[in-house]
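Data block below; observations after.
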Amino acid sequence: MCVVRHQDDLPGNTNVNAAVQSSNLLGQSVIYELLPQARSRITAIYMTTMFIGGSFGSWAGAHAYERWGWAGACATAAAFPAVGLLGWLAAGRHERTSLISSERTVVTPRSPLP
């Protein structure tokens, strides 16, 4: 849990917490659209990766702050999503959707005959 030292820090901490929770919610919603029989394994890998990434980000941010102050910490914080975006673009696996192809077919189960 984050310790708030000043009253002015509360909105920033609240926003960061909401962003992290939203990110986890979106990530797990994608997992639950995948193979039902592999959900628990995929969730375990996802949460382990999130923990390792968060630990590394905390370490990098602390060292950047120690060496370059807030400017270095902010640059480090901006570098992580930039690297992620470059990796996503390099993978070339992004989906291309149009208005026509974005419609999904919904299959409803049939009711049993009386």
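Only the coordinates and a few stated rules stand behind these numbers; no lab work does. Just so we're clear, the structure is a prediction, and the values are computed from it rather than from any experiment. FYI the Cβ positions are ideal-geometry reconstructions off the backbone, even for glycines, and counts take in every protein chain you see.
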Would you calculate the separation in nanometres between label points at Asn17 and Gln37, each defined as 7 Å from the Cα along the Cα-to-beta-carbon direction? 4.1 nm
Would you mind counting up the charge near Ala60? Only other residues with Cβ under 12 Å from its Cβ, with Lys and Arg at +1 and Asp and Glu at -1. 0
Estimated FRET transfer efficiency (Phe51, Ala77; beta-carbon r; R0 25 Å; 0.05): 0.90
